[in-house]
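First up is the structure itself, then whatever we jot down about it.
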Amino acid sequence: MAALNPLLTKVFRGPLDLNGPIIGRIFYVFEYVRSYVEERLEAFDARFGTDTSAPTFERNQQTDVHFYVPTTASIIYSILSILPLKSEKFTFVDMGSGKGRALLVASEFPFQKIVGVELSENLHRIAEDNVKLYKPESQQCASFDLKCMDALEYAYGDEPVVLYLFDPFGREILQEVVANLEKSLKAKPREAYVVYVYPQYDDVLESSSVLRKVAEGGPKWQPWSQYVIYAATTAAAERPSHDDVRSASAVPTSKAA
């Protein structure tokens with residue numbers, strides 16, 4: 001899956017940035033319509049009483065920190081279903097967790113702990129409320145740790161980790177986020193997976209010395225639902241296959257449905 005052309009990345013910065021003051025607001029309208037249609041189809045919030053579907057463009061939105069839009073719920077289920085998770089061993093970390101949809105879906109899988117890292121106080125509070133509301137019968141992990149903080153200040157624990165990214169940052173911040181993870185994995189080698197949805201800057205992960213691409217998927221006609229999965233070298237031997245990725249498209253929208 002090709003990354004964005006670096007030249008185009010330079011052109012679409014400042015006022016023309018997809019998260020900037022001009023193009024960003026037009027892009028926001030598109031995302032609002034997309035999210036509305038997907039909520040009508042999947043009814044994630046309607047079923048659970050949560051508030052995750054509406055995009056949010058902050059008043060002081062920074063161009064390097066992308067505005068909140070939710071990952072399609074069925075895509076999250078599909079991705080997590082193909083990861084070789086060992087029961088209550090992995091920590092799930094969502095960088096730029098927004099209103100917490102990925103955190104909620106992750107709670108239906110056997111994680112040891114679920115961590116959300118969000119800079120916006122407004123989105124952080126909404127996520128806290130959503131966690132309190134989300135109680136499906138299929139929930140396997142109720143250990144949530146929501147942090148309102150800069151993603152670059154997050155310190156990883158020593159346990160195996162699944163890092164989830166739904167296009168939360170621009171290239172420069174993503175490079176630092178990946179570098180922090182690499183530093184942690186070199187200091188304490190362990191199993192780790194990085195899930196990157198809408199991978200605009202896939203080349204940042206491709207250049208990693210400790211991560212290797214093991215899968216990619218998502219509908220070709222929906223770039224916002226395309227994803228790549230990377231594994232730390234210690235976990236690559238258990239990588240999900242491309243056949244698994246293709247078959248995952250049949251995973252239902254919700255285990256609780």
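The number of residues in the stretch 116-133 that are touching a residue at least 60 places away in the same chain (Cβ under 8 Å), out of contact with any helix residue (DSSP H, G or I) (no Cβ under 7 Å at 6 or more places or on another chain) and either loosely packed, with under 14 Cβ neighbours inside 10 Å or of a type outside the set (A, V, I, L, M) (or both) comes to 3. Counting the residues of the stretch 79-112 that are part of a strand (DSSP E or B) and either free of Cβ contacts under 8 Å to residues at least 40 places away in the same chain or in contact with a Phe, Trp or Tyr (Cβ under 6 Å, 6 or more places away or on another chain) (or both) gives 2.
Being out of contact with any strand residue (DSSP E or B) (no Cβ under 7 Å at 6 or more places or on another chain) and hydrophobic (A, V, I, L, M, F, W, C) is a property that V194 lacks. Taken over the stretch 32-89, the residue count meeting the criterion of being closer than 23 Å to A215 by Cβ, basic (K, R) and modelled with pLDDT of 90 or more is 1. Of the residues making up the stretch 197-213, just one is closer than 13 Å to I79 by Cβ and touching a helix residue (DSSP H, G or I) at 6+ places or on another chain (Cβ under 6 Å), namely Y198.
Here's the yes/no breakdown for (1) modelled with pLDDT under 95; (2) out of contact with any helix residue (DSSP H, G or I) (no Cβ under 8 Å at 6 or more places or on another chain); (3) within 18 Å of Q226 (Cβ to Cβ):
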| position | (1), (2), (3) |
| --- | --- |
| L163 | no, no, yes |
| G170 | yes, yes, no |
| Q175 | no, no, no |
| Y193 | no, yes, yes |
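The residue of the stretch 86-115 that is nearest to T71 (Cα to Cα), among those that are of a type in the set (D, E, K, R) and in contact with a helix residue (DSSP H, G or I) (Cβ under 7 Å, 6 or more places away or on another chain), is R101.
Considering the stretch 76-114, the residues that are of a type in the set (V, I, T) and under 12 Å from the mean Cα position of the chain (by Cα) include one that is surrounded by the fewest Cβ atoms within 10 Å (Cβ to Cβ), namely I79.
Restricting K213, K186 to residues that are over 21 Å from T71 (Cβ atoms), among the basic types (K, R) and out of contact with any Lys or Arg (no Cβ under 8 Å at 6 or more places or on another chain) narrows the list to K186. When you look at L146, is it at pLDDT below 95 and touching an Asp or Glu at 6+ places or on another chain (Cβ under 7 Å), yes or no? Answer is no for this residue.
The values are calculated or read from the model by the stated rules, or taken from the named source; none is laboratory data. What you see is a predicted model; the values in this text were computed from it and never measured. Please note: Cβ atoms are built from the backbone with ideal geometry, for glycine as well, and neighbour counts cover all protein chains shown.
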